[in-house]
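The values are calculated or read from the model by the stated rules, or taken from the named source; none is laboratory data. What you see is a predicted model; the values in this text were computed from it and never measured. Cβ placement follows ideal geometry from the backbone for every residue including glycine, while neighbour counts extend to all protein chains displayed.
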Amino acid sequence: MNSRYDILFEKVKIGPVTAPNRFYQVPHCNGMGHRFPQALARMRGIKAEGGWGVVCTEEVEIHPSSDITPYNQGRLWDDSDIANLRLMTDAVHEHGSLAGIELVYQGLAGKNHYSRLPTLAPTHASVLGGYPMQARAMDRADIKNLRQWYKNAAIRSKKAGFDIVYVYAGHGLSVLMHFLSRQHNDRSDEYGGSLENRARLLKEVLIDTKEAVGDTCGIALRIAVDELLGKNGTQADGEGSDIIEMLADIPDLWDVNVSSWENDSQTSRFSQEGFQEQYTKHVKSLTTKPVVGVGRFTSPDAMVSQIKRGVLDLIGAARPSIADPFLPNKIRDNKLDTIRECIGCNICVSSDNYAAPIRCTQNPTMGEEWRRDWHPEIIKPKHQDEAVLIVGAGPAGLECAHALAKRGYEVVIAEKNKVAGGRVLRESQLPGLAQWKRVIDYRLNALKQMPNVEMYFDSEVTPENLTEFGFENIIIATGSYWKNNGQSRETRQHLVHDGSLQILTPDDIMSGVVPQGEVVIYDADHYYMASVLAEKCVELGCNVTYVTNSARVAEWSDNTLEQQRIHNCLHEKGVKIILNQQLHKIVQNNVVSQHIYTRKENYTPCKTLVVVSERSPNDDLYTPLKDKHPFKHFALIGDAYAPGLIAQAVHSGHLEAQFFGSGKDKAIFKRDKGLGFNR
Ligand code: ADP
Ligand code: SF4
């Protein structure tokens, strides 16, 4: 190990327990929760194996009146839930790490869709998140019950083997935060009004938890020091600090961040590594207890700097630990160039928002550890000596090549372009997406060092020369291209146009074509592409109008927590935004759109239309030969099979490599039926 990083491997005392190092996987959702406990336990265990000294759960519900259905979070309502959680603590302890549990009572954020119990909160108020119902204000008896539920859950946590028990008041998702908040608490009793009163319940629960399990468990308080709402919310230099001063040495550990989740888990498009420092840096000066904080830390130098400058004691990470569960061990073993750095895309977050098991753009094994027996660093060896030609060096081709080469196969990559990277390289040159290049950097770096890999650039493969290479095994990973015919998920009709406008696709702009004059960008894709192209066109000096058939800008990016930021960004850059309009036709230098409900036509004059709708798979090398090829193995993967997320292309490449030579059906995986009594 480089001695510069020794400090990261120092032990840290957290009340009665000791973390073996400073790498701390903070609580993070994963879409598995109480429904897939075996899969979840394996995933957490692998983090511990990879060197995370503390590995925490996601939110764990403590009572049926705080039920987060349909989301798959942890559940600890009664003793029957202990066995499922024990799976995780055993998996973490096996590697000498500590296991932490984040207990939550959701208050205003819980709708109890499963239990159908009333929601309880500080005040009679609408629940958060748009469901048309209200919460009931807690009376003193409710508060007494709530304190008992927290105590029961803490005792059950200890029985389940946890070393750290959280009191959680972050992200706007906990009743303790709702009591703290002026926005949500307008009570006039001893639990409302002054900060001291609003913090009363939090303090009581903290002390109760300490009394219940503090003899053997470290008690962590997770709190938002700033809600980034200005004077309307908690501010780091106002009540955020006051609360920490008030409770300074009661918890054994402070886990501090900003709220809401959109602010805490910002994407790399809108924030850099360490972006929370300005809000959390003074917390350590207010307490003698250790402090953990996050900031998408992947660089060991940045981590050391945080500790040496007295910002943090423990390096908190959710996403960096998802992208690379072995990050700590790689630092310890001085293998920095093998770190699979998080790209800050929040595809992991989107899975949770779909209540589906977690996936990650960088780490295709994430969520597959138990059900497919995949490991982020170890892969089964080749079944026999074989050589494989992979056509295309985008994310699918590179991941497939890397995994096959790790299995020991001879791998040759033929790439048409002068450089590797495919769509990721091109997209990473668009505004805000630079860190996405890490998908390529990680894989290329590994491939360059492998003696059983050869890469040929400037080497276009054609249907004619495909057979000339003499390979028995060929995998086609040739990607996709954007359509310019107007087809989208709304219509199979082709766009009617009179030739009066220049029509461009994202591929054209990424290849350097400069749009002319006024530009309309039509977004029927609804993720990031249209908005980054709008930014790009503004940079190129165009006047840009963004038109979409959705009711919101970049609607799907809600799932990556970016939607509001993207809207604001376009607004600030002077992009005109037109919503609810579907592209209809082009007539005399006008983009004609129709209102999606009224069908009323709207004319937008311009010189260039950029259509961001859908892509065509580039499968010309595969489809004509599919049923008559002479090869032993002939496969199509990634966007060339079906265009999708970069995460899907990477996963597709990995899946192909894992199954190569097995003769098995890729569709079959172990199904986690839990331990049978936790629904
Ligand atoms: P994916 O996301 O599935 O990896 P990409 O579009 O990112 O797809 O990458 C596909 C790669 O395949 C690109 O780098 C492209 O240049 C390359 N490619 C496409 N057609 C050919 C071909 N006929 N011969 C060699 N390389 C090709
Ligand atoms: Fe990072 Fe993206 Fe993976 Fe999430 S999905 S951990 S943001 S690389």
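Here are the numbers for the structure shown:
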read-out: Residues of the stretch 328-348 classified as touching a helix residue (DSSP H, G or I) at 6+ places or on another chain (Cβ under 6 Å) and either closer than 17 Å to residue 36 by Cα or more than 16 Å from ligand 1 (Cβ to nearest atom) (or both), total; value: 11
read-out: Of residues in the stretch 423-466 being among the small types (Gly, Ala, Ser) and touching an Asp or Glu at 6+ places or on another chain (Cβ under 8 Å), the one nearest to ligand 1 (Cβ to nearest atom); value: 459
read-out: Residue 408 being surrounded by 24 or more Cβ atoms within 10 Å (Cβ to Cβ), more than 16 Å from ligand 2 (Cβ to nearest atom) and not assigned by TED's automatic domain parsing to the domain that holds residue 44; value: no
read-out: Hey, residue 295 in the same structural domain as residue 95 (by TED's automatic domain parsing), more than 19 Å from residue 266 (Cα to Cα) and away from ligand 1 (no atom under 16 Å from the Cβ) or not; value: no
read-out: Spans of strands (runs of 3 or more DSSP E) in the stretch 600-679 with at least 1 residues in contact with an Asp or Glu (Cβ under 8 Å, 6 or more places away or on another chain), modelled with pLDDT of 95 or more and of a type in the set (Lys, Arg); value: 615-617
read-out: Residue check, residue 101 among the aliphatic types (A, V, I, L, M) and in contact with a Ser or Thr (Cβ under 8 Å, 6 or more places away or on another chain); value: yes
read-out: Single unsatisfied condition, residue 424 versus (1) out of contact with any Leu (no Cβ under 7 Å at 6 or more places or on another chain); (2) assigned to a loop (DSSP other than H, G, I, E, B); value: (2)
read-out: Elements of type strands (runs of 3 or more DSSP E) contained in the stretch 432-537, each with 1 or more residues being within 26 Å of residue 602 (Cβ to Cβ) and touching a helix residue (DSSP H, G or I) at 6+ places or on another chain (Cβ under 8 Å); value: 480-482, 519-523
read-out: Residue in the stretch 94-114 that is under 30 Å from residue 48 (Cβ atoms), exposed (fewer than 14 other Cβ atoms within 10 Å of the Cβ), in the same structural domain as residue 220 (by TED's automatic domain parsing) and of a type in the set (D, E, K, R) present; value: yes
read-out: Every pair of residues 6+ apart whose Cβ atoms lie under 6 Å, when the first sits in the stretch 355-372 and is free of Cβ contacts under 8 Å to residues at least 60 places away in the same chain and surrounded by 23 or more Cβ atoms within 10 Å (Cβ to Cβ) while the second is of a type in the set (A, V, I, L, M, F, W, C) and outside any loop (DSSP other than H, G, I, E, B); value: 363/323
read-out: Some residue of the stretch 459-482 being within 16 Å of ligand 2 (Cβ to nearest atom) and either surrounded by 23 or more Cβ atoms within 10 Å (Cβ to Cβ) or not aromatic (Phe, Trp, Tyr) (or both); value: no
read-out: The one condition in (1) within 16 Å of ligand 1 (Cβ to nearest atom); (2) touching a helix residue (DSSP H, G or I) at 6+ places or on another chain (Cβ under 9 Å); (3) charged (D, E, K, R) that residue 371 fails to fulfil; value: (1)
read-out: Scope the stretch 400-422; condition within 11 Å of ligand 1 (Cβ to nearest atom) and at positive phi; matching residues; value: 421, 422
read-out: Selection within the stretch 563-578 - in a loop (DSSP other than H, G, I, E, B) and more than 27 Å from the chain's Cα centre (by Cα); value: 574, 575
read-out: Only one of 341, 273, 277 that is within 16 Å of ligand 2 (Cβ to nearest atom) and either within 27 Å of residue 251 (Cβ to Cβ) or surrounded by fewer than 19 Cβ atoms within 10 Å (Cβ to Cβ) (or both); value: 273
read-out: Residue among 466, 430 that alone is touching a residue at least 24 places away in the same chain (Cβ under 8 Å), outside the structural domain of residue 605 (by TED's automatic domain parsing) and within 30 Å of residue 271 (Cβ to Cβ); value: 430
read-out: When residues of the stretch 214-233 are limited to those that are touching a Ser or Thr at 6+ places or on another chain (Cβ under 7 Å) and of a type in the set (Val, Ile, Thr), the one surrounded by the most Cβ atoms within 10 Å (Cβ to Cβ); value: 225
read-out: Residue check for residue 64: under 19 Å from the mean Cα position of the chain (by Cα), in the same structural domain as residue 153 (by TED's automatic domain parsing), over 13 Å from residue 318 (Cα atoms) and surrounded by fewer than 24 Cβ atoms within 10 Å (Cβ to Cβ); value: no
read-out: Index of the failed condition, residue 59 passing every other in (1) crowded, with 23+ Cβ neighbours inside 10 Å; (2) assigned to a loop (DSSP other than H, G, I, E, B); value: (2)
read-out: Among residues of the stretch 128-173, those that are of a type in the set (Ser, Thr, Tyr), out of contact with any Asp or Glu (no Cβ under 8 Å at 6 or more places or on another chain) and modelled with pLDDT of 95 or more, counted; value: 1
read-out: Sole exception among (1) away from ligand 2 (no atom under 16 Å from the Cβ); (2) buried (at least 18 other Cβ atoms within 10 Å of the Cβ); (3) acidic (Asp, Glu) for residue 249, by number; value: (2)
read-out: Filtered residues of the stretch 466-511 (kept if at pLDDT below 95 and under 21 Å from residue 396 (Cβ atoms)); value: 466, 469
read-out: Residue in the stretch 2-51 that is nearest to residue 102 (Cα to Cα), counting only those that are assigned to a loop (DSSP other than H, G, I, E, B) and in contact with a helix residue (DSSP H, G or I) (Cβ under 6 Å, 6 or more places away or on another chain); value: 29
read-out: Every residue from the stretch 380-398 that is within 16 Å of ligand 2 (Cβ to nearest atom) and either more than 27 Å from the chain's Cα centre (by Cα) or among the hydroxyl-bearing types (Ser, Thr, Tyr) (or both); value: none
read-out: Residue match in the stretch 563-581 (condition: within 16 Å of ligand 1 (Cβ to nearest atom) and either in contact (Cβ under 8 Å) with a residue 24 or more places away in the chain or at negative phi (or both)); value: no
read-out: Members of the stretch 349-362 found to be hydrophobic (A, V, I, L, M, F, W, C), in contact with a helix residue (DSSP H, G or I) (Cβ under 7 Å, 6 or more places away or on another chain) and more than 6 Å from ligand 2 (Cβ to nearest atom), listed by number; value: 349, 358
read-out: Total residues in the stretch 133-143, condition exposed (fewer than 12 other Cβ atoms within 10 Å of the Cβ) and assigned to a helix (DSSP H, G or I); value: 2
